[in-house]
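The next block holds one structure in the form of structure tokens; read it before the comments.
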Amino acid sequence: MNKNYLLLNLLIVLLVINGLVWQKEKILRSAQSVLLPLAPRDPRSLMQGDYMVLRYRMAQKVDNQRGTATDGFAVVKLDENNVGTFMELWLGRKLGPKEQLLRYRYRNGQVRFGAESFFFQEGKANLFQRARFGELRVAESGDAILVGLRDDKLNKLGH
């Protein structure tokens with residue numbers, strides 16, 4: 001009985017993990033590419049090991065409007081280069097052309113979009129310090145995955 005219980009739990013864990021991987025892969029394949037401007041960072045704390053912590057300019061605007069909400073959606077307007085600009089918090093209205101939902105969560109005193117850490121190969125810190133945009137794949141549901149960084153001319157870094 002104990003062995004069957006362990007096998008059942010293992011099967012459930014594997015199904016959940018595979019479901020999450022499938023969901024993320026679907027977002028990577030079919031979601032909208034959105035470039036979000038990065039906020040200035042303190043260069044002394046920018047690099048910690050082989051990753052950088054990202055801050056987005058629009059996070060402060062979302063924080064100013066969210067009130068007491070800890071989770072919600074921001075409406076982002078995309079320009080011709082898919083650079084996103086914060087419009088408003090989403091209150092259920094139909095989205096207009098070139099508008100995209102972006103899920104946010106307020107945790108530990110900060111607005112987060114679920115894509116705040118970027119990992120890179122050891123020794124590449126100088127390359128990624130030029131980052132001015134985070135490139136996210138954003139699903140219709142507003143869920144986002146960070147797929148890369150871009151410089152001030154929108155060129156991909158590290159590829």
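With the requirement that a residue be free of Cβ contacts under 8 Å to residues at least 24 places away in the same chain, within 18 Å of the chain's Cα centre (by Cα) and surrounded by 13 or more Cβ atoms within 10 Å (Cβ to Cβ), what does the range 91-126 give you? I'd like the intermediate steps shown before the answer.
First, pick out the residues of the range 91-126 that are free of Cβ contacts under 8 Å to residues at least 24 places away in the same chain: 91-98, 108-109, 123, 126.
Filter once more, so that each one left must be within 18 Å of the chain's Cα centre (by Cα): 108-109.
Answer for the range 91-126, where residues must be free of Cβ contacts under 8 Å to residues at least 24 places away in the same chain, within 18 Å of the chain's Cα centre (by Cα) and surrounded by 13 or more Cβ atoms within 10 Å (Cβ to Cβ): there is none.
Can you say whether T85 is among the β-branched types (V, I, T), more than 28 Å from L20 (Cα to Cα), surrounded by fewer than 19 Cβ atoms within 10 Å (Cβ to Cβ) and in contact with a strand residue (DSSP E or B) (Cβ under 7 Å, 6 or more places away or on another chain), as far as the supplied structure shows? Steps first, answer last, please.
Numbers: among the β-branched types (V, I, T): yes; more than 28 Å from L20 (Cα to Cα): yes; surrounded by fewer than 19 Cβ atoms within 10 Å (Cβ to Cβ): yes; in contact with a strand residue (DSSP E or B) (Cβ under 7 Å, 6 or more places away or on another chain): yes.
Here the answer is yes, as T85 does meet what is asked.
Within the range 50-75, track down each residue that is open to solvent by 30 Å² or more (accessible area, probe 1.4 Å), at negative phi and small (G, A, S).
So in the range 50-75, the residues open to solvent by 30 Å² or more (accessible area, probe 1.4 Å) come out as 50-51, 53, 55, 57, 60-61, 63-71, 73.
Of the ones still in play, those that are also at negative phi are 50-51, 53, 55, 57, 60-61, 63-66, 68-71, 73.
Matches in the range 50-75: A69 only.
Loosely packed, with under 12 Cβ neighbours inside 10 Å and free of Cβ contacts under 8 Å to residues at least 60 places away in the same chain - does that describe any residue in the range 127-149?
No: the range 127-149 contains no residue that is loosely packed, with under 12 Cβ neighbours inside 10 Å and free of Cβ contacts under 8 Å to residues at least 60 places away in the same chain.
The values are calculated or read from the model by the stated rules, or taken from the named source; none is laboratory data. What you see is a predicted model; the values in this text were computed from it and never measured. Methodologically, a virtual Cβ is constructed for each residue, glycine included, from the backbone with ideal geometry; neighbour enumeration extends over all protein chains shown. Note: accessible area is taken over every heavy atom of the protein model, side chains too, but ligands, DNA and RNA are not part of it. Shrake-Rupley method; radii C 1.70, N 1.55, O 1.52, S 1.80 Å.
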